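Asks: Got a structure for you, written out below as structure tokens; questions coming shortly.
Only the coordinates and a few stated rules stand behind these numbers; no lab work does. Worth saying up front: this structure is predicted, and the values here are computed from it rather than measured. Backbone-built Cβ (ideal geometry, glycine too); neighbour counts: all protein chains shown.
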Amino acid sequence: MQLIIMKNAIKNILMTLPFVIMGCQDETERITLDSPQDTMGLKVSSSDVVLNQDLGNEEAISFTWGSAANRGEGTKLTYYFKMDMADNNFETSIAKVEIPEGVQSISYTHKEMNALLSGWKVTAGETAMLEAEIIAEVSGGSVYMKPEISKVQFSVTGYYIAARDLFIVGSAVEGMDATKSLKMNEVLSEQKYEWGGHLKQGDFKFIKSRTSLTPSYTRGSDNNTLVYNETDDGTETLFHIDTEGYYFITVDVEKLTIASEYPENKYEKVWAIGDATPAGWTIMNAVGLTKINNIQFVYEGDLYGGHLKFPLELREDWNIPYLMPKTHDTEPGGDNTMEYVEKEKVETHDYKWKITESQAGSYKIILDTYLMEITFEKKPKIEIPDNLPIKAVWMTGDATVTKWNTPFKIAFLYNPDEKEGTFVWEGHPTQEK
């Protein structure tokens, strides 16, 4: 009997628990804090902003606000700024920015705003509605107090990022002539540029176009810094090269820094071999390239329909390393990168460049063994005067790479800058006569 009474008592207690819990929940829901009235009045400089790449580092938009309401003795207000796509509850907001004490404004440049739009996946050139808020958080009080918040919405139209060129010019390259300046490679939009190439003894600076020597970037306080010049007032200090050779230069126009490297030589000699060259596939007749500096090698001559690659040694058994394309049958104008292939891997990685019959002609090929890049430059066909009795000249013999073989492949080039009828060949004869 006592056991039954005990069970009923426990049952009655358990049955009343949900009502107790529900009562507690109801009590919690009724405890709410009212949001403070907005007294800051966040304002935006323009409700419709159109960004412009040419104004990249100039102010595009600014926000201002007044002081938040005083929250009582012993309290302190700290202000924070946030920005996001409109009506998104600030779920993808920029990182909350703490505003320094006494400051009541914040601004963003055209470049900064365009980068934010890109981060929010807004298509370049399209208009997006954004929202900003200023938050005045309270600390130091005896009880928790909700922050005061002020919000504003506005529209922003971004831009497609077009390339912004930078050139190197000066006596260390082709002379202080903007039209002859050399274009650098833009690796980080409007900020970071790279260039690798041959520099002579002389001076250089950086310019923004091939139409004017200003504005420019010249030497700053040392060889690792830049200074920006809107005009040339005669106070420019140029960078100077003492040792002629190949240099790799990196420029950051935002940080105003420059780094230059004089790479060590990797290869002493390079040859060209293949049926696209005068040497054919006779390895010991491979055409030697001319070393023009510590890094670059050049081939100047005819190329025929066929294939070619670049051995780094000459051996009758072909057991040698090469410079090859990364993809077999790469043609001029295709992927310009190359790679070193050690002799043990040649059998399974015997890749070659391909020259089609329509691409055949006189070429200048430059191998950059630092960047591991190849450049094919086809020379324009030279018109030979009709009144010349001889229209073509070839060379053959034991002192040539083609020996006495036919058809003749080592052609002289007509030089219109010399006396009429002058044909020229540049190269190295073999040791035989």
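Asks: Say the dipole of segment 167-261 comes from +1 at the beta carbon of Lys and Arg and -1 at that of Asp and Glu; which of Asn185, Leu238, Ile249 then lies farthest toward its positive end?
Replies: Of the candidates, Asn185 comes out farthest on the positive side.
Asks: Something else about it: Once R0 is set to 45 Å, what does the formula 1/(1 + (r/R0)^6) return for the Cβ-Cβ distance between Met284 and Val187, expressed as a FRET efficiency to the nearest 0.05? Can you show the working numbers first?
Replies: Numbers: r = 42 Å, r/R0 = 0.93.
That gives a FRET efficiency of 0.60.
Asks: Can you sort Ile61, Ile283 by how many other beta carbons sit within 10 Å, fewest first?
Replies: Numbers: Ile61 22, Ile283 17.
Placing the least packed residue first, the sequence is Ile283, Ile61.
Asks: Out of these labelled values of Rg/Rh (Cα atoms, Kirkwood Rh), (i) 0.96; (ii) 1.25; (iii) 0.94, which was calculated from the coordinates shown here?
Replies: Matching entry in (i) 0.96; (ii) 1.25; (iii) 0.94: (ii).
Asks: Provide Met145, Met85, Met324 in ascending order of the number of other Cβ atoms located within 10 Å of each residue's Cβ, fewest first. Display every interim value, and only then the final one.
Replies: Values: Met145 16, Met85 19, Met324 23.
With the fewest neighbours first, Met145, Met85, Met324 line up as Met145, Met85, Met324.
Asks: Please get the size of the charge dipole for the chain, origin at its Cα centre, with Cβ charges of +1 on Lys and Arg and -1 on Asp and Glu, quoted in debye to the nearest 20.
Replies: Numbers: 41 positive and 66 negative charges, 174 e Å.
Charge dipole of the chain: 840 debye, to the nearest 20.
Asks: While we're looking at this one, here's another question. Among the GluC sites (Glu not before Pro) within segment 101-186, which fall in a DSSP loop and have no more than 13 other Cβ atoms within 10 Å of their own Cβ? Present the calculation step by step, with values, prior to reporting the outcome.
Replies: Working: sites: Glu101, Glu112, Glu126, Glu131, Glu133, Glu137, Glu148, Glu174, Glu186; in loops: Glu101, Glu126, Glu174.
Here the sparse-neighbourhood loop sites are Glu101, Glu126.
Asks: Mind jotting down the three principal axis lengths of segment 271-378 based on Cα atoms? Whole angstrom, largest first.
Replies: Here the Cα extents, ordered largest to smallest, are 33, 28, 24 Å.
Asks: Just name one of Gly140, Met113, Asn57: the one whose Cα is farthest towards the positive end of the charge dipole of segment 43-157 (beta-carbon charges, Lys/Arg +1, Asp/Glu -1).
Replies: In segment 43-157, that residue is Gly140.
Asks: Give, as a single signed number, the net charge of other residues whose beta carbon lies under 14 Å from the beta carbon of Lys326, with Lys and Arg counted +1 and Asp and Glu -1. Kindly include the intermediate steps, with their values, before the conclusion.
Replies: Details: positive: Lys309, Lys345, Lys352, Lys354; negative: Asp329, Glu331, Asp335, Glu339, Asp350, Glu373.
Around Lys326, the surrounding residues sum to -2.
Asks: Something else now. May I ask for log10 I(q)/I(0) of segment 25-130 at q = 0.13 Å⁻¹, from a Debye sum over the Cα atoms as equal point scatterers with solvent left out?
Replies: -0.63
Asks: Here is a further query. Based on DSSP loop calls and a cut-off of at most 11 other Cβ atoms within 10 Å, the longest stretch of the chain free of exposed chymotrypsin sites (Phe, Trp or Tyr not before Pro) is what?
Replies: Numbers: sites that count: Tyr144, Tyr160, Trp404.
With chymotrypsin sites (Phe, Trp or Tyr not before Pro) excluded where exposed in loops, the chain gives 161-403 as its longest stretch.
Asks: Roughly how many debye, to the nearest 20, is the charge dipole of segment 271-378 about its Cα centre, given +1 on each Lys and Arg Cβ, -1 on each Asp and Glu Cβ, and no other charges?
Replies: Values: 10 positive and 18 negative charges, 36 e Å.
Here the size comes out at about 180 debye.
Asks: Follow-up. If each DSSP helix of 4+ residues adds -39,500 (n - 2.57) and the sum is divided by the residues in the chain, what number results at 222 nm, nearest 500 deg cm²/dmol?
Replies: On the way: 2 runs with 38 residues, N = 433.
Helix-only estimate at 222 nm: -3000 deg cm²/dmol.
Asks: Let me ask something else. Identify the trypsin sites (Lys or Arg not before Pro) of segment 269-353 meeting these criteria: DSSP loop state and at most 11 other C-beta atoms within 10 Å of the C-beta. Mind dumping the intermediate values first?
Replies: Numbers: sites: Lys269, Lys291, Lys309, Arg315, Lys326, Lys343, Lys345, Lys352; in loops: Lys269, Arg315, Lys326, Lys352.
In loop regions of segment 269-353 (DSSP not H, G, I, E or B), the sparsely surrounded trypsin sites (Lys or Arg not before Pro) are Arg315.
Asks: Continuing with this model, one more query. By how many nm would the segment from Ser67 to Lys364 lengthen if fully extended, with 0.36 nm per residue of separation less the alpha-carbon distance?
Replies: Numbers: separation 297, 0.36 × 297 = 106.92 nm, distance 6.97 nm.
Using 0.36 nm per residue and subtracting the Cα-Cα distance, I get 99.9 nm.
Asks: Test of understanding: what is the full-extension gain from Asp165 to His240, defined as 0.36 nm times their sequence separation minus their Cα-Cα distance?
Replies: Numbers: separation 75, 0.36 × 75 = 27.00 nm, distance 2.22 nm.
Length gained between Asp165 and His240: 24.8 nm.
Asks: Dipole of segment 162-255, Cα-centred, from +1 at each Lys and Arg C-beta and -1 at each Asp and Glu C-beta, to the nearest 20 debye? Each step should come with its number before you reach the end.
Replies: Numbers: 10 positive and 16 negative charges, 49 e Å.
With only Lys, Arg, Asp and Glu charged at Cβ, the dipole is about 240 debye.
Asks: Can you find, among Ile295, Thr375, Ile320, the residue sitting farthest towards the positive end of the charge dipole of segment 271-378, where Lys and Arg contribute +1 and Asp and Glu -1 at Cβ?
Replies: Checked the options; the winner is Ile295.
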